[in-house]
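K.L.:
I have a structure here, written as structure tokens, and I will follow up with some questions on it.
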Amino acid sequence: MYVYDEYDQKIVDERVAQYRDQTERFLAGKLTDAEFLPLRLQNGLYVQRLAPMLRIAVPYGLLNSTQLRKIAQITRDYDKGYAHISTRQNIQLNWPELAEVPDLLAELATVQMHAIQTSGNCIRNTTTDQFAGVAADELEDPRPYCEIIRQWSTLHPEFAFLPRKFKIAVCGSAEDRAAIHAHDIGLELVANGAGEVGFKVLVGGGLGRTPVIGQAICEWLEKKHLLTYLEAILRVYNQHGRRDNKYKARIKILVKAMGTDAFREAVEQEWVHLKEGPTTLTEEEISRACGFFVAPDYRELDAEEQNSQLQSQCDAEPIFGNWVKRNTREHRVAGYRAVTISLKATGYAPGDITDAQLDLMADLADQYTFGEIRSTHQQNLVLADVETAQLYSLWQQLQGAGLATANIGYLTDMICCPGGDYCSLANAKSLPVAEAIQARFDDLDYLYDLGPLELNISGCMNACGHHHIGHIGILGVDKKGQEFYQVCLGGSQSKEASIAKILGPSFKQEDMPDVIEKILDTFLGLRQEQETFLDTYRRVGIDPFKERVYAPAN
Amino acid sequence: MPRLIKDGAIIEDNWLAPDAESNAPASAQLLTLEQWLQLRDKSGRGVQLEPGEAPAPLLDHLQDIPLVVINFPLFMDGRGFSYGRELRERGFQGELRAAGHFIRDQVTYLRRCGFNAFQPADESQLEAFVASLDDFSESYQATPDQPLPLFRRRS
């Protein structure tokens, strides 16, 4: 993974010093609330319902074991002993003291971490595929480009006061695991006719109040132009994005208003002056970045022998076999598998992890992989390089810590924002809904029979829980001071991305498990052969679901 | 006389604020973009841009303009950062001044976008603003004050 040099360290240290001064001025009454607001947000600090919430950046979801241990220690020293993995692959703390945040940031800086631009109207953490570098379907590793974008976007002086937040995602594989169509800018590594790899550039995707699928404005961009082209897009947005209404301020609204062709034209006009300028990437810089993401020292393993050993372990202990089937996946190197650790055990808030579990994960990363851990936008963790023969012993350790829930990709592996229990923006609670659904559908055989199913829950329009791109999406809404839940169906974050359609009038919290059950029953009744929920939905449309859910009670 | 920061020092302002109503603004008076556009002899005249007034019309006259003021009525409106950087990238050599309701914590970004003069609405904090010009000693991007991005300077 990327390692800071003296320059990176200096920038992060100077930001800590600057933020310490800003906090002191605020506490001394020299900065107003309105002035401190964007300054603290650009350092990830929200003032929430119960306490401030601090969002720590995990650039493109990559952590090492030292960093994870530091996070564990910070949750003990500054918080209540747990952390939360966000849908931008970041880590959130729910209970830090505002006055202690500068010290907390100084501790993070000692392990090359920070909270820069994890919130606010600026360029946020760039996200990518959690299986980058190990996925069998990968054209090229997206992480070097994520790191190049991270550096370019960090404390960018021109783009710190944009009309609204700005999110970039990069995908380098056949299957899109980074939801690039739902980002302000989505970048896909693609080969042109000559076989040369560059970027397809999508703009104007996004969720929130007005969900939109991103549109391509450039089918193939030479790698060296990546940053100048991004700069041209951001400059058009910064100058022309709406600032009169925060709900219409995202780039998607500008792209819609101008039309994709006119927007592309405006970008090209800006780009003329930036193209081939000093920000043009050099071959040296690209290879320097790539040098941090070379394959680790994999052992040459006898895959056949490993697999047959695994098979007999699976046969002997079906619970283990089931976990292998659901939570591990193919690796590009023979004899290895990538393991997803579910943070979706029933009874625990999705994405939450305790300090002891964080410490354990750090130990397991050192013991079973090359000391790296990834966070996923589905709010789980990944150990990307585990020898097949070691899976059983890893599983035993995970089981002892409550981390072996075998539900990756299934209904109970839901994406869920912290909702009204923590977040001051939320219209409704999301955690109790998630828990009630997990509790209702806790029969694993039933879950597996349903097949891959993404259920996403957001507590408000801001859509942090990505409800628009869930196969089943749930949105908390406020109706005259009461919490209700709207259901939508048919969303997808894949390359055939789609925005979910609203089923109909919203429901009370206590009715939600019944509503989901009716939707699932409808699916099972209409399913042909091995269709997934999304296949069936796309074939039959929303009406059969609507009829069943809203049928008058007998 | 109002004061401002120019090239790191606190000095008195020799220019007068624009008067949109005036038909014949004095030569030391800043012009609104509209006044400037209508003026036949533009040389030596300073102009003030408001949010929404992109610098495009100025680009053919950059040699003749001694001062461009970019007004920030609201500190959260960041359009002026792009205006400033674009003016410098296109060759503007004169004084580039931020005026209005920007805050101290923005001056380091403004400086990096090419601004060399700062006239905050609240003059009482000028010294503190000077101190914040150098909140950062290193940066990643190519900007008017540092034409090479860090990746071209790393040793």
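K.L.:
For the range A:6-109, what is the charge dipole size about the Cα centre, in debye to the nearest 20, if Lys and Arg each add +1 at the Cβ and Asp and Glu each add -1 at the Cβ?
P.N.:
So the dipole magnitude of the range A:6-109 works out to roughly 380 debye.
K.L.:
Same structure again: Kirkwood Rh and Cα-based Rg: tell me the resulting Rg over Rh for the range A:124-220, rounded to two decimals.
P.N.:
Reported Rg/Rh, Kirkwood definition of Rh: 0.98.
K.L.:
Still on this structure, please answer the following. If you put +1 on each Lys and Arg Cβ and -1 on each Asp and Glu Cβ, how big is the dipole of chain A around its Cα centre, in Debye rounded to 20?
P.N.:
Its charge dipole is roughly 2360 debye.
K.L.:
State to the nearest 20 debye the size of the charge dipole of chain B about its Cα centre, where the only charges are +1 on K and R beta carbons and -1 on D and E beta carbons.
P.N.:
Taking the Cα centre of chain B as origin, the dipole is about 640 debye.
K.L.:
How many lysine pairs in the range A:415-549, separated by 8 or more positions in sequence or lying on different chains, have Cα atoms less than 23 Å apart?
P.N.:
Eligible lysine pairs with Cα atoms under 23 Å apart amount to 14.
K.L.:
Considering only DSSP beta bridges where both residues belong to chain B, give the percentage that are antiparallel (nearest 5).
P.N.:
For chain B, the DSSP antiparallel bridge percentage is about 30.
K.L.:
Still on this model: When the helix-only estimate is applied to chain A (DSSP H runs of n ≥ 4, each -39,500 (n - 2.57), divided by the residue count), what is the mean residue ellipticity at 222 nm, nearest 500 deg cm²/dmol?
P.N.:
-11500 deg cm²/dmol
K.L.:
Shielding of A:144-156 by partners, i.e. mean partner chain Cβ atoms within 10 Å per residue?
P.N.:
If you average over the peptide's residues, the count of other-chain Cβ atoms is 3.
K.L.:
OK, next. What's the average, rounded to a whole number, of partner chain beta-carbon atoms within 10 Å of each residue's beta-carbon in B:129-141?
P.N.:
5
K.L.:
Of A:I502, A:I180, how do they rank once you tally other Cβ atoms within 10 Å and put the fewest first?
P.N.:
Ranking A:I502, A:I180 by Cβ neighbours within 10 Å, fewest first, gives A:I502, A:I180.
K.L.:
What value does the range A:6-109 have for Rg/Rh, both radii from Cα atoms and Rh as Kirkwood defines it?
P.N.:
Taking Rg over the Kirkwood Rh, I get 0.95.
K.L.:
Helix-only mean residue ellipticity at 222 nm, chain B, DSSP H runs n ≥ 4 weighted -39,500 (n - 2.57), per residue, nearest 500. What is it?
P.N.:
Calculated at 222 nm, the ellipticity per residue is -5500 deg cm²/dmol.
K.L.:
Among B:P66, B:S139, B:L49, whose Cα sits farthest toward the positive end of the charge dipole of the range B:3-153 (+1 at Cβ of Lys/Arg, -1 at Cβ of Asp/Glu, about the Cα centre)?
P.N.:
Comparing the listed Cα positions along the dipole, B:S139 ranks first.
K.L.:
Another one. For the ranges A:284-293, A:95-104, A:207-216, what's the packing order if you count other beta-carbon atoms within 10 Å of each residue, average per peptide, and put the highest first?
P.N.:
So the peptides A:284-293, A:95-104, A:207-216, ranked by packing, come out A:207-216, A:95-104, A:284-293.
K.L.:
Looking at the protein assembly as shown, send over the antiparallel percent of its DSSP beta bridges, to the nearest 5.
P.N.:
Among the beta bridges of the protein assembly as shown, antiparallel pairing accounts for roughly 65 percent.
K.L.:
Aspartates and glutamates near A:K30 by alpha-carbon distance under 20 Å, same-chain residues fewer than 8 away left out - which ones?
P.N.:
Partners found: A:D21, A:E97, A:E100, B:D105, B:D122, B:E123, B:E127, B:D134, B:D135.
K.L.:
Would you list which lysines come within 24 Å of A:K10, measuring only between C-alpha atoms, while excluding same-chain residues fewer than 8 positions from it?
P.N.:
A:K70
K.L.:
Output needed: Cys residues of the protein assembly as shown lacking any neighbouring Cys C-beta below 4.7 Å, sorted by number.
P.N.:
So far as the 4.7 Å Cβ criterion goes, A:C122, A:C146, A:C171, A:C218, A:C290, A:C314, A:C416, A:C423, A:C460, A:C488, B:C113 stand without a partner in the protein assembly as shown.
K.L.:
So for the range A:84-177, considering every pair of alpha-carbon atoms, how many percent are separated by more than 22 Å?
P.N.:
For the range A:84-177, the fraction of Cα-Cα distances above 22 Å is 40 percent.
K.L.:
From other protein chains only, count the Cβ atoms within 10 Å of every residue's Cβ in B:101-108, then give the mean.
P.N.:
For peptide B:101-108, the averaged partner shielding equals 5.
K.L.:
What's the extension gain from A:S312 to A:N245 if we count 0.36 nm per residue and subtract their Cα-Cα distance?
P.N.:
Gain on extension, A:S312 to A:N245, equals 18.0 nm.
K.L.:
If you average 1/r over all unlike Cα pairs in chain A and invert the result, what Kirkwood radius do you get in angstrom?
P.N.:
24.2
K.L.:
Quick one: length gained pulling A:Y448 to A:E196 fully straight, 0.36 nm per residue minus the C-alpha distance?
P.N.:
Full-extension gain reported as 86.7 nm.
K.L.:
How would A:R539, B:R45 line up from fewest to most surrounding beta-carbon atoms within 10 angstrom?
P.N.:
A:R539, B:R45
K.L.:
Pick out the long, greasy-scoring helices in chain A: whole DSSP H runs spanning 30 Å or more along their own axis by Cα, mean Kyte-Doolittle at least 0.0.
P.N.:
The answer is none, since no helix passes both cut-offs.
K.L.:
Neighbour counts of other C-beta atoms within 10 Å: give me B:E50, A:E188 arranged from fewest to most.
P.N.:
Ordered by Cβ neighbours within 10 Å, fewest first: B:E50, A:E188.
K.L.:
Placing +1 on the Cβ of each Lys and Arg and -1 on the Cβ of each Asp and Glu in the protein assembly as shown, which of A:A295, B:G91, A:Q18 has its Cα farthest towards the positive end of the resulting dipole?
P.N.:
Value computed over the given set: B:G91.
K.L.:
Okay, next question. Working only with C-alpha atoms, what are the Rg and Dmax values of the range B:3-153, expressed in angstrom?
P.N.:
Final numbers for Rg and Dmax: 15.2, 51 Å.
K.L.:
Turning to a different aspect of this structure: Taking the dipole about the Cα centre of chain B, with the C-beta of Lys and Arg at +1 and of Asp and Glu at -1, give me whichever of B:Q38, B:I11, B:L148 is farthest to the positive side.
P.N.:
Looking along the dipole axis, the top candidate is B:L148.
K.L.:
Ok, one more. For the Cα atoms of chain B, what angle does the longest principal axis make with the long axis of helix B:79-89, in degrees from 0 to 90, nearest 10?
P.N.:
Helix B:79-89 and the main axis of chain B meet at about 80 degrees.
Values quoted throughout were computed directly from the atomic coordinates according to the rules given, and no laboratory measurement underlies them. The shown structure was predicted, so the numbers you read here are calculated from the model rather than taken from an experiment. Every residue, glycine among them, receives a Cβ derived from its backbone with ideal geometry; neighbour counts consider all protein chains shown.
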